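Engineer: Would you mind keeping the following structure in view while I ask a few things?
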Amino acid sequence: MRSSFASESCKESQLNSLNPQSWLQVERGKLSKLSSQSSTSPTSSSPSIESFIKVPEPPVQPFFKPGDYVEVLAQIHEELESCSPQERSNLYLFQYQLFKGLGEAKLMRRSLRSAWLKGSTVHEKLVFGAWLKFERQGEELISDLLATCGKCAQESGQIDVSSDLDIDISSSSRETVSMMNGSHILRSVSFKIGDEKIVCDRQKIASLSAPFHAMLNGCFSESLCEHIDLSENNISPLGFRAISEFSITGSLNEESPNVLLEMLIFANKFCCERLKDACDRKLASLVSSRDDAVELMECALEENSPVLAASCLQVFLQDLPDCLNDDRVVEIFSHANKQEKMIMVGPASFSLYCLLSEVAMNLDPQSDKTACFLDQLVESAQTNRQKLLAFHQLGCVRLLRKEYDEAERLFEAALNAGHIYSVSGLARLGCIRGHRLWAFDKLSSVISSGTPLGWMYLERSLCCEGDKRWEDLEKATELDPTLTYPYMYRAAALMRRQNVQAALAEINRILGFKLALECLELRFCFYLALENYQAAICDVQAILTLSPDYRMFEGRVAASQLRTLVREHVENWTTADCWLQLYDRWSSVDDTGSLSVIYQMLESDAAKGVLYFRQSLLLLRLNCPEAAMRSLQLARQHASTEHERLVYEGWILYDTGHCNEGLQKAEESINIKKSFEAFFLKAYALADSSLDPSCSSTVISLLEEALKCPSDRLRKGQALNNLGSVYVDCGKLELAADCYINALKIRHTRAHQGLARVHFLRNEKTAAYEEMTKLIEKAQNNASAFEKRSEYCDRELTKADLEMVTQLDPLRVYPYRYRAAVLMDSHKEKEAIAELSRAIVFKADLHLLHLRAAFHEHTGDVLAALRDCRAALSVDPNHREMLELHNRVNSHEP
């Protein structure tokens, strides 16, 4: 979620002693007055230092988190194989919710896109198209760039509702026609509207509906009248003339919206279905603004006009999230009854309120509109899956709003529906009410009744204190090392015990593989307490790079304010100093430090386009793709020349999966001016997109051209490294070695890895091992270096290196696969499967699932193998080897 879902407890018990206003002053010397209360090491426990290092409890997340996500993914995949087209979008929506709970952003978006692609109704297309657009906020530039390359993205485009939405009116039309086979009494009839008389063809008007036919041709007195007064039916003469014209031609002329509204209401009153449908569609085509949509939606719901309602809905959804700041729009969505929802969104009511609830929670999870939308979600839920998700999400919001009785009822309902994670909400409520022992026992029962998960121990730790809390948090980290709270709690506890080095080591453990803002904030607080302002400003600048609007201390203080304050206590660097610092940090593979230096350089008069581009490269390396894309867009915005701008546009397109369009931009840039970055981009994109081995020579020539162009050592080192890799792939080891050695001469530290590969291919395994050791010694972030070195040593050293990799970065999957393969070779099948399972629990990885499926097949456990195959295909539906294994295993299913 884009905004934090704050926990209940952190607002009441944490950080209360901190008063940011007491020290948030920007004048020089103010911070030192605060800091003088303590020594340079935390040997005293002053209240101000204590306030820095308290950690709020994590919130109960409003996500779907099943006990065994692999089983649920497999079930969804199996259902998708056999379900009707009408069920597909809902299944993909639930798959999206599961990936959301796992934190898999790319898979979430792919599931949403699948829901849009497989939408069987216009309403589903509207909802999921708008959802995709909402998820792509800030990416509008990509669509514009694709348009310049002759390509466009369709999923977030407008739907022509008036043409695409089919409404069945044939039954009423057939009924009217069949009733017309009677005697014809009078040919014409005159209708009085106020002071005007409108002469109409009696049978044409009669053909509009069964009521008109009965009136004009049946046993009513009007059937014998030549003049009929319709003045009391809220239709103007202009409107009725248009109706008469429609009865003859079957089509509408250009009428004003007010006249069309009159006609629509009249048609609905007299059951003129063809006329009503025509007015419905005509009005739908005229909706162009939010004001139009608000006004016309009310009429659409009153007159049961689904096409007009869908058109108004599209205007609202395309304007998310802004339209939810309009009370009129919120009122429509919040108070729609079951019939009105059917008119507005057909059978896609649950999907609509899923979207609205998510947007509202991003804006303010405690707001009335969030609660109202989630109430509507609960009301729209039909299947058990839909109910458990709706109950849990509404329970989380009720908990935040301190509506504890209602929250308890909802969490109980979600738990009874099968959502095991909802027990966390019940446990939190127990603690709030002082029933900690009950909450502890409740969670202990869950832990003992199935496969324990990391979050279960985390939740139980909140019910106890001291050693028992520490023990549970250690177990939580063992089962799920991606949970941030255990590291933060342990680090803060160690800091309070004045064990500074251990506290920093603990928080650095998670920051080594997960650049979580809340962990950077805690480390920043540590450095403030230690009066290490240079390290503190490094962290706050990294925070601001990742999230420019980030607020610290539970949102009470802008990070930018803290940076202004701390900067008063650090030495100002010149531009030359900054470049030297950047080279040092880049060479030591200190990516966070490099981010901080670039942030500081951006305040100078240096060329900002180049700096934002460097920033994007670092953010990609740190696995922060959203922030990287923002930096790339800023690079484009600050490009000083057209050819530079085209390069950044090329990278934007390449990084969003549009490789050919990225190549096109590179070529356009080269045509204007030959530059290092343009040649580098073209070489990079070509190497990635072409399957033709002969393209290697082209890539080599492009990189050689790049190296002839002016650039700084940071980028030249990268180009030499890439060139060396291409030479290795071509078998030209001498040339490759030259490239790597030249890269090392300009301090491109990662070239050690390429040179090690050259040594290995020359059968110089010891030299390869030693080369990787040099990289490990120089690099601050060295998990990947340990992993690569493991390929160049004997089994025992390999095991040791891979254990180190798992300690440094538990998200890297190769170590688990290697250890599992070794166990399998030793005929320890259960242990091999268990090794894979301990990683699969917290990482939905295709390769882990693939290998475990193969192990299950080998041991004859066909059902387990099929489950893993289906789950893996949910992660990547087009993986060829996975499809082959799935087909093979599926043929053996009993």
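Engineer: Helices (runs of 4 or more DSSP H) wholly in region 53-153 with at least 3 residues that are open to solvent by less than 50 Å² (accessible area, probe 1.4 Å) and closer than 30 Å to residue 402 by Cβ - which ones?
Structural biologist: Numbers: elements: 69-82, 85-102, 105-117, 122-135, 140-148.
In region 53-153, the matching helices (runs of 4 or more DSSP H) lie at 85-102.
Engineer: Right, next: Find all pairs meeting these conditions: Cβ atoms under 9 angstrom apart; at least six residues apart or on different chains; first residue within region 564-584 and within 16 Å of residue 537 (Cα to Cα) and open to solvent by 70 Å² or more (accessible area, probe 1.4 Å); second residue outside any loop (DSSP other than H, G, I, E, B) and of a type in the set (D, E, K, R).
Structural biologist: 571/577
Engineer: Moving on. I need the full set of residues from region 261-298 which are farther than 23 Å from residue 244 by Cα and either in contact with a Cys (Cβ under 8 Å, 6 or more places away or on another chain) or part of a helix (DSSP H, G or I) (or both), in order please.
Structural biologist: Matches in region 261-298: 287, 290, 291, 292, 293, 294, 295, 296, 297, 298.
Engineer: Can you tell me which residue among 841, 805 is open to solvent by 50 Å² or more (accessible area, probe 1.4 Å), among the aliphatic types (A, V, I, L, M) and at pLDDT 95 or above?
Structural biologist: Numbers: 805 fails: open to solvent by 50 Å² or more (accessible area, probe 1.4 Å).
Of 841, 805, the one residue that is open to solvent by 50 Å² or more (accessible area, probe 1.4 Å), among the aliphatic types (A, V, I, L, M) and at pLDDT 95 or above is 841.
Engineer: Take residues that are within 23 Å of residue 843 (Cβ to Cβ) and tell me which of the helices (runs of 4 or more DSSP H) falling wholly in region 454-550 contain 2 or more.
Structural biologist: Details: elements: 454-461, 466-479, 484-496, 500-511, 517-529, 533-546.
It comes to 454-461, 466-479, 484-496, 500-511, 517-529.
Engineer: So, in region 381-436, of the ones that are acidic (Asp, Glu) and touching a helix residue (DSSP H, G or I) at 6+ places or on another chain (Cβ under 6 Å), which residue ends up farthest from residue 369 (Cα to Cα)?
Structural biologist: Per the stated criteria, the residue is 408.
Engineer: Pick out the one residue from 866, 885, 873, 849 that is assigned to a helix (DSSP H, G or I), out of contact with any Leu (no Cβ under 6 Å at 6 or more places or on another chain) and under 30 Å from residue 786 (Cα atoms). Can you show your working first?
Structural biologist: On the way: 866 fails: under 30 Å from residue 786 (Cα atoms); 885 fails: under 30 Å from residue 786 (Cα atoms); 873 fails: under 30 Å from residue 786 (Cα atoms).
Among 866, 885, 873, 849, only 849 is assigned to a helix (DSSP H, G or I), out of contact with any Leu (no Cβ under 6 Å at 6 or more places or on another chain) and under 30 Å from residue 786 (Cα atoms).
Engineer: On to the next question. Please verify whether residue 324 is among the aliphatic types (A, V, I, L, M) and closer than 19 Å to residue 164 by Cα, treating the condition exactly as stated.
Structural biologist: no
Engineer: Which residue is least open to solvent (accessible area, probe 1.4 Å), if the candidates are limited to region 237-286 and must be closer than 20 Å to residue 162 by Cα and of a type in the set (Asp, Glu)?
Structural biologist: Of everything passing the filter in region 237-286, 280 is least open to solvent (accessible area, probe 1.4 Å).
Engineer: Checking the condition buried (at least 20 other Cβ atoms within 10 Å of the Cβ) and touching a Pro at 6+ places or on another chain (Cβ under 7 Å), which residue from 536, 503, 492, 476 passes?
Structural biologist: Step by step, each of 536, 503, 492, 476 is checked, and only 476 is buried (at least 20 other Cβ atoms within 10 Å of the Cβ) and touching a Pro at 6+ places or on another chain (Cβ under 7 Å).
Engineer: Let me ask you something else. Is there any pair with a first residue in region 105-116 that is in contact (Cβ under 8 Å) with a residue 12 or more places away in the chain and closer than 22 Å to residue 624 by Cα and a second that is among the charged types (D, E, K, R) and not in a helix (DSSP H, G or I) whose Cβ atoms are under 7 Å apart and which are 6 or more apart or on different chains, and what are they?
Structural biologist: These pairs meet every condition: 113/155.
Engineer: Among the residues of region 863-880, is any of a type in the set (A, V, I, L, M), more than 25 Å from the chain's Cα centre (by Cα), open to solvent by 30 Å² or more (accessible area, probe 1.4 Å) and closer than 28 Å to residue 487 by Cβ?
Structural biologist: Looking for residues that are of a type in the set (A, V, I, L, M), more than 25 Å from the chain's Cα centre (by Cα), open to solvent by 30 Å² or more (accessible area, probe 1.4 Å) and closer than 28 Å to residue 487 by Cβ, one finds none in region 863-880, hence no.
Engineer: Then there is this: Out of the residues in region 677-695 that are of a type in the set (S, T, N, Q) and in a loop (DSSP other than H, G, I, E, B), state the one that is surrounded by the most Cβ atoms within 10 Å (Cβ to Cβ).
Structural biologist: My answer is 690.
The values are calculated or read from the model by the stated rules, or taken from the named source; none is laboratory data. Everything numeric here is computed off the predicted structure, so don't read it as measured data. Please note: Cβ atoms are built from the backbone with ideal geometry, for glycine as well, and neighbour counts cover all protein chains shown. Heavy atoms of the whole protein, side chains included, go into the accessibility calculation; ligands, DNA and RNA do not. Shrake-Rupley method; radii C 1.70, N 1.55, O 1.52, S 1.80 Å.
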